[in-house]
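Here the structure is laid out as structure tokens; the discussion comes afterwards.
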Amino acid sequence: MSEDYSDSHLRDILTRTRRVAVVGVSMNPVRPSYYVARYLGLKKFEVVPVNPVHAGETLFGQTVIGTLSQVEGGVDMVDIFRRPEHVPAIVDEALEAFPDLQTIWMQIGVEHAQAAAKARARGVDVVMNRCPKIEYQRLFGELRMGGFNTGVISSKL
């Protein structure tokens, strides 16, 4: 079900987003959910770690929250690190908890057409099977420094 997203659309999402709830974040530093959340925090995104198994623990100076409905204040984006069968419940909870939600982002390997359609019907942008860390690095010149051809033309080295 691979979807195409324009670079300008992804850049717009990553530019306007300030607060991200990372659902399924791990406390293990070798897990992708850990280092993606860490990276986003280093890029000045406010990261809200969400994982019921680790609720109450501290990660990156933030208290891990058990569920999206327990997050105080809104978030701009919900980044999902869970298997596809868990996505509908997460999207439902996100739409209920955050009336001003802008983006649902499903990580690499995570896609769910029905949940995406529901979110889009509410005016929420949906990105599936992509990683915001990789897209940020690609679109804002960081992968180029490692010698990758990113397909993005820039004067930045």
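Details
- Complete set of residues in the range 87-107 that are in contact (Cβ under 8 Å) with a residue 60 or more places away in the chain and open to solvent by 40 Å² or more (accessible area, probe 1.4 Å): Gln102
- Members of the range 108-120 that are over 21 Å from Leu14 (Cα atoms) and open to solvent by 60 Å² or more (accessible area, probe 1.4 Å): Gln114, Lys118
- Flag if Gly151 is in contact with a Ser or Thr (Cβ under 6 Å, 6 or more places away or on another chain), assigned to a loop (DSSP other than H, G, I, E, B) and modelled with pLDDT under 90: no
- All positions within the range 68-81 that are more than 12 Å from the chain's Cα centre (by Cα), open to solvent by 10 Å² or more (accessible area, probe 1.4 Å) and within 23 Å of Arg120 (Cβ to Cβ): Ser69, Val71, Gly74
- In summary, His9 fulfils each of the numbered conditions (1) assigned to a loop (DSSP other than H, G, I, E, B); (2) over 14 Å from the mean Cα position of the chain (by Cα) with the single exception of condition (1).
- Cβ-Cβ under 8 Å pairs, at least 6 apart or on other chains, the range 120-135 side of a type in the set (S, T, N, Q), far side surrounded by 15 or more Cβ atoms within 10 Å (Cβ to Cβ): Asn129/Met106; Asn129/Gln107; Asn129/Val110; Asn129/Glu111
- Tally of residues being surrounded by fewer than 21 Cβ atoms within 10 Å (Cβ to Cβ) and either within 21 Å of Ala113 (Cα to Cα) or not charged (D, E, K, R) (or both) across the range 18-44: 11
- In the range 2-19, the residue that is farthest from Val50 (Cα to Cα) out of those that are in contact (Cβ under 8 Å) with a residue 60 or more places away in the chain and β-branched (Val, Ile, Thr) is Ile13.
Let's see how each residue does on (1) within 18 Å of Met106 (Cβ to Cβ); (2) in a strand (DSSP E or B):
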{"position": "Tyr34", "(1), (2)": "yes, no"}
{"position": "Arg38", "(1), (2)": "no, no"}
{"position": "Gly41", "(1), (2)": "no, no"}
{"position": "Val48", "(1), (2)": "yes, yes"}
{"position": "Val53", "(1), (2)": "no, no"}
{"position": "Gly73", "(1), (2)": "no, no"}
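- For the range 47-60, a tally of residues being over 17 Å from the mean Cα position of the chain (by Cα) and open to solvent by 70 Å² or more (accessible area, probe 1.4 Å) returns 4.
The values are calculated or read from the model by the stated rules, or taken from the named source; none is laboratory data. Predicted model, so just to flag it, every value in this text is computed and none were measured. With ideal geometry, Cβ positions are generated from the backbone for all residues, glycine too; neighbour counts draw on all protein chains shown. Please note that ligands, DNA and RNA were not included when accessible areas were found on the heavy atoms of the full protein model with its side chains. Shrake-Rupley method; radii C 1.70, N 1.55, O 1.52, S 1.80 Å.
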